[in-house]
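Okay, so here's the structure we're looking at.
The values are calculated or read from the model by the stated rules, or taken from the named source; none is laboratory data. Since we're looking at a predicted model, the values are computed, not measured. All Cβ positions, glycine included, derive from the backbone under ideal geometry; neighbour counts span all protein chains shown.
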Amino acid sequence: MKRAEVPLWLGLILKQQDRCNIVTPSWLSINFLKKAYQEEVTYTTRFFRMPWNWLEISKMILDKAPDDMTEPPHQIRALIQDLREVRLIKARRGLKELNESYMQLDNLSLMEINELRPMVVGVMDQLRKLQVGTNEDEEVSDEEAPLSYDI
Amino acid sequence: MDIDDILKAFDQETSRPQRSQSKLYSQDYDSLKKAWINERTSPELLHYEVDLMERILKRIRQQMEFIELNSIELQSSEEKDIKLLLVIIESELDRVNFVVRSYLRTRLDKIDKFTIYIHNEQQELKKLSPEETEYMNRHLEILVELYNKQFLSKLPESLHTLDDTSGGISMIESPDLSKSVFIRVLKDIEIPIVIGGEEIDMKQDEIYVLSYRLVKDLIQAEEVALI
């Protein structure tokens, strides 16, 4: 048995052919995910730093290589789900802060950003148009924009 | 054949012949991915990656030849290992092809949308590859001909133009540079960005949504990345 680092897609092919086992990344463990969840709940104003593609990678590993994991996959799956939900709620709450100039979203991962993207871009562009439309010294209030959405 | 052989073969095939070469190849793939993401997320057309695309397309051809050559052999011999190798190369080809295709299509999409704008601006024309220029001109030609035949000829002369800018509304669609984009800061930015009287200091790894116009230069300087 030898360890080698290969791209994930290659690892998955080899796994499918039963030629390798995938070493679960250290963050995909009960301990780490529990800690992340704790942090997420403790600090309401910022996100805990997860890997850029944590949702995608965890799904692929849980789907294709659950037998390679040292911890029970269903527990990991449940923790991932919890973490995802608490972050989603936080992100949605943050949408209240939307304005026409900018927004900071540190530590959100790619998948989470993509979920917010259409909504955020749409609202910001709309707000900006309203801003341009009104007099420069007249501030546009958030209520004027169509803020109805559901995800 | 054990895992080592597979890895070795993979190294040789996707990135022959030397290590440094293989690193260069994977850098090219990263650059391609970056060009693709930038093209997909920025509101305006970006410069065509001439050299990069040439290298990538050449390698795609080589790999396809390799597959063809070996699939003939596959039928004659009972080799099982070559089959796995082919599966791996094929998957990689699929992955690269997907990005290449999406990259080119995204560009064509923008070219279609901003045809007249690009056509009129020397600056914009430089961003196109020769093939894209040809495509655009031909497409415009056909479109104008179609419009003329179908209905413009029946309208008064004064309504014939397709690029009328009088009357406060321009018929030429141009990219909206103030569109909001998502960016990730790659390194600390020295000069703060000013948005509506507010200064923001950008630090590495922070993520922002803001107007494309504000970060256009920083994207080019690779200090921030579109996501």
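The table below lists the values:
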| item | result |
| --- | --- |
| Test: residue in region B:165-187 that is free of Cβ contacts under 8 Å to residues at least 24 places away in the same chain, in a strand (DSSP E or B) and within 27 Å of A:Ser109 (Cβ to Cβ) | no |
| 2 or more residues over 21 Å from the mean Cα position of the chain (by Cα): qualifying helices (runs of 4 or more DSSP H) within region B:48-125 | B:50-76, B:81-113 |
| Of all residues making up region A:16-40, the number that are closer than 30 Å to A:Met103 by Cβ and surrounded by 13 or more Cβ atoms within 10 Å (Cβ to Cβ) | 11 |
| Residues that are assigned to a loop (DSSP other than H, G, I, E, B), surrounded by fewer than 16 Cβ atoms within 10 Å (Cβ to Cβ) and modelled with pLDDT under 90, drawn from region B:188-202 | B:Glu190, B:Ile191, B:Pro192, B:Gly196, B:Gly197, B:Asp201 |
| Segments classed as helices (runs of 4 or more DSSP H), wholly inside region A:39-137, with at least 3 members that are over 17 Å from the mean Cα position of the chain (by Cα) and of a type in the set (A, V, I, L, M, F, W, C) | A:110-133 |
| Qualifying residue in region A:108-123 (condition: charged (D, E, K, R), in contact with a helix residue (DSSP H, G or I) (Cβ under 7 Å, 6 or more places away or on another chain) and surrounded by 15 or more Cβ atoms within 10 Å (Cβ to Cβ)) | yes |
| Extreme residue, surrounded by the most Cβ atoms within 10 Å (Cβ to Cβ), among residues of region B:126-164 that are small (Gly, Ala, Ser) and part of a helix (DSSP H, G or I) | B:Ser153 |
| Residue satisfying all of: in region A:16-35; more than 18 Å from A:Arg84 (Cα to Cα) and β-branched (Val, Ile, Thr); farthest from the other protein chains (Cβ to nearest Cβ) among these | A:Thr24 |
| Total residues in region A:1-15, condition surrounded by 17 or more Cβ atoms within 10 Å (Cβ to Cβ) and assigned to a helix (DSSP H, G or I) | 6 |
| Qualifying residue in region B:138-148 (condition: acidic (Asp, Glu) and more than 33 Å from the chain's Cα centre (by Cα)) | no |
